[in-house]
Structures are given as C-alpha cells and as structure tokens.
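Everything below concerns the one structure shown next.
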Amino acid sequence: MNISFKKCFGFLLVILLTSVSLNIQAENALDAIVTKIKISQKMLVNKNYTAKITVRNTGATTWTRANGFALAATSKTNKLWNIPRTLLESNERIKPGDTKTFKFGVTALSRTGIYSLQFEMQKDGKSFGEKSKTQNIVVETRSNRVKFISQLLPNTMSADESYSVVVQFKNNGSSTWTRDGGYKLRLISNRKVWNISRVKMSKGDIVTPGDIATFRFKLKAPSKLGTYPIQWRMQKGRVYFGETTPVQNITITKSKVKKGAEFVYQNVPGLNKSGKLYAILNAGEVYPVTLTFKNTSKKTWRQGLMALNAQNPENNMTWSVDRVELRKNESIKPGGIKTFNFKIITPLTPGIYNFQWQMVEGFNNWIGAKSENIAITVK
C-alpha cells in the first residue's frame, strides 16, 4: 500500500509540474510591448482623428488575423471612447521580434474634459503583454481652447506663511475671456488643503484670442507638515476646459523664521501697486530698487551682524546680487528703520521671476517677515 501510494503521489506530482510548465510556456509565448504612440493630445469635440500605435512582438508566437490577434483600447479607458479593436490584415504575419503599426480612427467625445486612453494587444479578446502609457486627451471646443504657459510658486513652503503665485494660460480659442463672462482659474487638486479654490479675473481684464491671461494671487501654506500636490485649470461658469497646469508637489516645512524684523516698504521701477504686485522690465538692464525694514528685535543691527538677503529661492542670484550689507559703522537700534538702496541687473532670458527679500542674522538665521513677493516679467 505504501509503495502504491508513493507511486500515485509521484505520478500526480509529475502531472502538476508538467501543467505548471506548460502554463509558463504558454504565458511566455504571448508577449508584447508598445514602442510608439502617435495620437493628438488635444481634440475638438466630435471631430475625427487618426491614431498610430506601434507594437513589438516580444513573445514566441507569430501573430495573425486568423488566430485572433488585434490591438484594442483597454476596457477601463474605452468605456467612453468606444474604439473598436483594430485587426491585422488578412495576409499579415507578425513574427517574434517584428513590429506592427496599427492605424485607426478616433472620434473625440462630445463633451469637453480630459479623458484617458490606454492600449494593449489582445488574442481572442483577452489581453496580453505590456499596456501602453496612459494618454490624457484634452477635448475642447473651438470657442474655449487654452494652452498652459507658466506657473510660478516655490516647491517648499513654511507652514501658515503666505506666498505670491503666478499662473498663466493662453487663450487659443475664439471667445474673449472676461470676469463677467464667468472665466476664472480653478484649483482641481485637494481643495481642503489650500486656502483658495478659485481665482477670478481682475475687473476690466479682457483676454482676447491669442492673448495670455495672468493670474496673480496669494496662497497660504497649510498648517500640517507634509507634501501636497497643487494643480489648476481654466473654468467658464461651472465647466472646465483646456489643459491643466503640471502637478507641482509642495513640501510644507516647519517655519524657521524668528521674529525681529518687519517689512515696511519696497519699490521697483514700473511697479504696479494697485492690487497684486508685478512689474515689467527689460532683459539685461540695470535698475535701482529700494527695500525698507523695521528692527523689531531687542538687538541693534550692525554691519556683519545683520544683512538683507534674496529669497524665493534662498540666496538666489537672479538679480546679480544676493546679499546687501549695512554700511560701515551704521547701527539700527530697536524700533529703528533701515532702507536699503541698491541696483539689480535683470536676467538675460525673458520670463517671470520672483523678487523677494528678508533680513538675515549672519548667513542662515532668517529674521522676521519677507518682503511681499513681486512677480517681475522680464522681456
């Protein structure tokens, strides 16, 4: 009985191992990788487009139409698009190592928004191989089309502190954007984290087709430490449209700033002081600037002890100077006012740059509040 049992057990073990081996071989026989995707990332509602997807046969089986091989959008992303499977030609044979480019039509959805699409190979309706990277397609109308231009805000913020933010979108549609028309910037990431969820256009602002809308506003960092994503999109009324800003992950750290200095005043040539601060300067030119701070500490400020340093980011050389010292033998007693007059050189590369300063004790002991950030456009 023991011998018969051992023989029977051994026989069953051989069958089991053989079955596992055959299954592994069958899995290895079917494999694929998507090597190239050519599909419009922006589409107009209900318009027809042509897509091309290139796939390499990385398995051990030759693909043919008769054997049920086809390219398809994944079931998860195809619920809205309803793209039919794309079959091989009747006489095609895609051998192991060969590539095949599938060409097919895609009709944009009838509703504006951002919709995902992903592709895979299938045999008899069952998927195999590696899926393509997910494509996020922006579906828009001719009247409301938008292109992201820039987003200016720091990657690191101190808890409960406020920061100046600039977001720009270009009007690529046929409609004119106005505040009364319901156009605004809308936060699409976690709205419970940030103190602001929408930014209306300024009164009187008119962004005609081809122009750029610039949103300037204050954003307060959350109290809880951690890393939080932030992302924006244009909205008309309650309807989102166009592409989004890239996701930017903001790290919230514990504030290291000590009290002892109060920001009082600043001036930059061409500074717009009505509402949000900004200025427009020419690239590569010299400009005089002024910043004033009050000593609210119990120490007297002297050269070598206290200085004015560039911020946003710390100690940057954007303006060709990162530190301004007090004059020799100068002393600012508690309650006194210090005005720094110095010259900056604007960057050679056009763009939007932060202009912000803070008092520092020594070289890394930041004191008091920063100056209000100015978003300077260099042209």
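Observations
- Among residues of region 199-217 that are at negative phi and touching a residue at least 24 places away in the same chain (Cβ under 8 Å), those with a Cβ under 6 angstrom from a residue that is assigned to a strand (DSSP E or B) and of a type in the set (V, I, T), sequence gap 6+ or separate chain, pair up as I206/T178; I212/I149; A213/V207; F215/V167; F215/V199; R216/V166; F217/V165; F217/V199.
- Subset tally (residues that are within 16 Å of the chain's Cα centre (by Cα) and crowded, with 18+ Cβ neighbours inside 10 Å) for region 138-151: 3
- If you go through region 200-227 and keep only what is over 15 Å from Y163 (Cα atoms) and assigned to a strand (DSSP E or B), you end up with K200, I206, V207, I212, A213, T214, G226, T227.
- Among (1) surrounded by 12 or more Cβ atoms within 10 Å (Cβ to Cβ); (2) out of contact with any Gly (no Cβ under 8 Å at 6 or more places or on another chain), the one test that E262 misses: (2)
- Annotation note: Cβ proximity below 9 Å between a residue of region 65-82 that is outside the structural domain of Y115 (by TED's automatic domain parsing) and surrounded by fewer than 18 Cβ atoms within 10 Å (Cβ to Cβ) and a residue that is part of a loop (DSSP other than H, G, I, E, B) and not charged (D, E, K, R) (sequence gap 6+ or interchain) occurs for no pair.
- Filtered residue count, region 356-379, keeping only those that are among the hydroxyl-bearing types (S, T, Y) and surrounded by fewer than 21 Cβ atoms within 10 Å (Cβ to Cβ): 1
- Selected residue (only one of T101, T134 is under 25 Å from R233 (Cβ atoms), exposed (fewer than 14 other Cβ atoms within 10 Å of the Cβ) and either within 21 Å of the chain's Cα centre (by Cα) or touching a residue at least 24 places away in the same chain (Cβ under 8 Å) (or both)): T134
- Selected residue (only one of I212, I196 is over 16 Å from the mean Cα position of the chain (by Cα), hydrophobic (A, V, I, L, M, F, W, C), surrounded by fewer than 17 Cβ atoms within 10 Å (Cβ to Cβ) and under 24 Å from K370 (Cβ atoms)): I196
- Filtering region 291-305 for residues that are among the β-branched types (V, I, T), part of a loop (DSSP other than H, G, I, E, B) and not assigned by TED's automatic domain parsing to the domain that holds F169 leaves a non-empty set.
- Residues (of a type in the set (S, T, N, Q), surrounded by 18 or more Cβ atoms within 10 Å (Cβ to Cβ) and in a loop (DSSP other than H, G, I, E, B)) located in region 312-355: N312, T318, T346
- Exclusive hit being in a strand (DSSP E or B) and free of Cβ contacts under 8 Å to residues at least 60 places away in the same chain, set Q168, Q151, Q122: Q122
Each row is one residue, and each column tells you yes or no for (1) under 17 Å from P288 (Cβ atoms); (2) of a type in the set (S, T, N, Q); (3) touching a Cys at 6+ places or on another chain (Cβ under 8 Å).
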site: L308; (1), (2), (3): yes, no, no
site: Q311; (1), (2), (3): no, yes, no
site: N316; (1), (2), (3): no, yes, no
site: W319; (1), (2), (3): yes, no, no
site: L326; (1), (2), (3): no, no, no
site: I332; (1), (2), (3): no, no, no
site: T339; (1), (2), (3): yes, yes, no
site: K343; (1), (2), (3): yes, no, no
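- Residue list for region 58-95, filter: farther than 21 Å from I39 by Cβ, polar (S, T, N, Q) and part of a strand (DSSP E or B): none
- Filtered residues of region 356-379 (kept if within 16 Å of V289 (Cα to Cα), aromatic (F, W, Y) and not in a strand (DSSP E or B)): none
- Test: residue in region 95-102 that is under 30 Å from K147 (Cβ atoms) and at pLDDT 95 or above: yes
The values are calculated or read from the model by the stated rules, or taken from the named source; none is laboratory data. Quick caveat: nothing in here was measured; it's all calculated off a predicted structure. When we count neighbours, we look across all protein chains shown, and the Cβ atoms used for this are built from the backbone with ideal geometry, even at glycine.
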